[in-house]
Amino acid sequence: MAENQYPQDGAEPAPQSVLRRVWSLPAIISLVMAALFLVFMVTRFDIDLSATWDRVTNSNPWYLALAFIVHYTTFVFRGVRWRLLLQNTAAPGVPVPGVLYCSQLVLLGWFANSVGWLRLGDAYRAYLYRDEQNGSFSRTIGTILAERALDTVLVALLMVAAAPFLLDRGNSVTWVVLALAVSLVVGLAMFFAAMTWAEGPLLRRMPPWMAVRYERFHQGTMGSFQRVPMATVWGLLGWMAEIGRMYLVVRALGFDIDFALVVFLTLANSLLTLVPTPGGVGAVESGVGGLAVRLSSLSVNAAAALVLIDRAITYISVIVLGSALFLVRQAVWRPRLAGPSRAENR
C-alpha cells in the first residue's frame, strides 16, 4: 500500500493542547489525590518524619550531585537509542534529527508522564515529533512501542541476573516482582506475534483511513527491530545510569545495601511507574520503600529517606526541568524547528 495514497496522519491535537490537558484541573486533582495517598502511607507505616528528614539533611551532597548528573545522562543514552529506531523506520533520504533533539523529546515525554495519567508522555513525544518534523504520528508511536519492548526485555534480564543474590532472604516478594517482569515480556512477545500474524487480515477488514494508519504503526514497530544489538547497548547504558543513580543515593545516605538489591530496587521502581498515576506516585514510594525494608536491614525511616531523595531526583527534578525545557522550546527553539514543516503542510 503506497504511503502517499492517503493524506498524512489526520489532524492530531497540537502539543500545546496536550500540555493543557496535562495541567488541567483533573490532572491537578490527581496530583492532590496522590499526595493524600502519600500522607496515608506515612501515617499507616508510622514513619517518623523528623528522623527521616535528619537522614536526608545529613546525606553527602557530593554523592547526591553526582547522582543527579548520572541520572540525566540516561536521557542522552535513550535519545541516541530512539534516534537509531527512527533511522530504522525512516524513508530513504529522509533525515532524522540529532541526538540533542531526540534527548529533549525523551525528557519532555518523561515530564508529561510525571504530571499526567496513563503515560500521556509517550503520546506527547509522538505529537511533538509529528508537529515539528512533519513525521507520521502512527509510525512514531510504533518506534516508542518498540523502545518500550526493548526496555521490558532488559528489565527482565537484569532482574533475573540480580534475583539469585536475593532469593536466600526468605521473602517471596522477590519472586512476585520477578514474575511480573517475566510476565510482561511474555505478554509483549504474544502481542508482537499477533501483530505479525494478523496484519494482513486486519488491513483487509479496516476502512482505508484506519488501514493506512495501522500499516504505518506496524512499520514503525516492526521496522524498529533492526540493528537490535546496537539499540540494546544504548538501552543498557541508560539502565546502568539509573542503577548508578540509585547506588550513589545509597552511598550518600551511608547505607550498607548489596549491589544486587540496588539493581532490583531500581528496576522495581521502573515497573511501578506503569501504575497509571502521575509518574507512578503512590505506587513507587510505597513499593520501593517496602521492598527496601523487606529485603534489607533498613528501618522504615531509612527506607523513607532513600525513597524521598531518589524521587526528588527522578520525579520532582524532571517536573521542574521538563517545565523549563518546555517553556524555553516554546519561546525560542520550537518556532525555528516547526516553521519549515508547517510551511510544507500548507
Subject >> Sorted by Cβ neighbour density within 10 Å, fewest at the top, the residues W175, W110, W234, W82 >> reply: W175, W234, W110, W82
Subject >> Integer Hz, Karplus 6.51/-1.76/1.60 couplings in order for the range 197-211, x for Gly and Pro >> reply: 5, 9, 4, x, x, 5, 4, 5, 9, 7, x, x, 5, 7, 4
Subject >> Cα-centre dipole for the range 172-314 with unit charges at Cβ (Lys and Arg positive, Asp and Glu negative), debye to 20 >> reply: 440 debye
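Using packing as a proxy for protection, rank 97-104, 219-226, 190-197 so that the peptide with the highest average count of other Cβ atoms within 10 Å comes first. List each step's numbers first, then the result.
Working: 97-104: 17.2, 219-226: 20.0, 190-197: 12.4.
The peptides rank, most packed first, as 219-226, 97-104, 190-197.
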Subject >> Length gained when the stretch D54-R205 is fully extended (0.36 nm per residue, less Cα-Cα span) >> reply: 48.1 nm
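State the three equivalent ellipsoid semi-axes of the range 65-345, derived from the C-alpha gyration tensor as the square roots of 5 times its eigenvalues, in descending order and whole Å.
Details: eigenvalues 238, 109, 47 Å².
In descending order the semi-axes read 34, 23, 15 Å.
Since every read-out is calculated from the coordinates, none of them should be taken as a lab result. Since we're looking at a predicted model, the values are computed, not measured. Glycine also receives a Cβ, built like all others from the backbone with ideal geometry; neighbour counts cover every protein chain displayed.
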